[in-house]
Amino acid sequence: MMHRDPADPEVQAVAAKHHAWKERFYPASARVYRGLGETYVSHPDFLAFFDKIRPGLACFLRDAMAHYVGAALRSR
């Protein structure tokens, strides 16, 4: 889905599933979930892991997660 805008409804549906999955392990408030997306880009191990799958994936995930926070979690 990286060829789509992070705000695309189908991308956001996957972000919603990802967020729900994370919440099975810990409360993923807006601040926590946005921070996780930032960590995917700022931490060298996460960045290498995701970009090994596909270059630019870490940034795409961060952007999709940030949009999800703004659209769906803004009150949390």
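For this structure, a couple of remarks:
- In the set (1) out of contact with any helix residue (DSSP H, G or I) (no Cβ under 6 Å at 6 or more places or on another chain); (2) in a loop (DSSP other than H, G, I, E, B), residue 28 fails one condition alone, (1).
- Qualifying positions in segment 4-23 - basic (Lys, Arg) and in contact (Cβ under 8 Å) with a residue 12 or more places away in the chain: 22
- Restricting attention to segment 41-57, the residues that are in contact (Cβ under 8 Å) with a residue 24 or more places away in the chain and in a helix (DSSP H, G or I) add up to 1.
Here's the yes/no breakdown for (1) assigned to a helix (DSSP H, G or I); (2) of a type in the set (Lys, Arg); (3) under 11 Å from the mean Cα position of the chain (by Cα):
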position: 4; (1), (2), (3): no, yes, no
position: 7; (1), (2), (3): no, no, no
position: 20; (1), (2), (3): yes, no, no
position: 34; (1), (2), (3): yes, yes, yes
position: 39; (1), (2), (3): yes, no, yes
position: 59; (1), (2), (3): yes, no, yes
position: 74; (1), (2), (3): no, yes, no
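Only the coordinates and a few stated rules stand behind these numbers; no lab work does. Quick caveat: nothing in here was measured; it's all calculated off a predicted structure. Every residue, glycine as well, gets a Cβ built from its backbone with ideal geometry; the counts of neighbours run over all protein chains shown.
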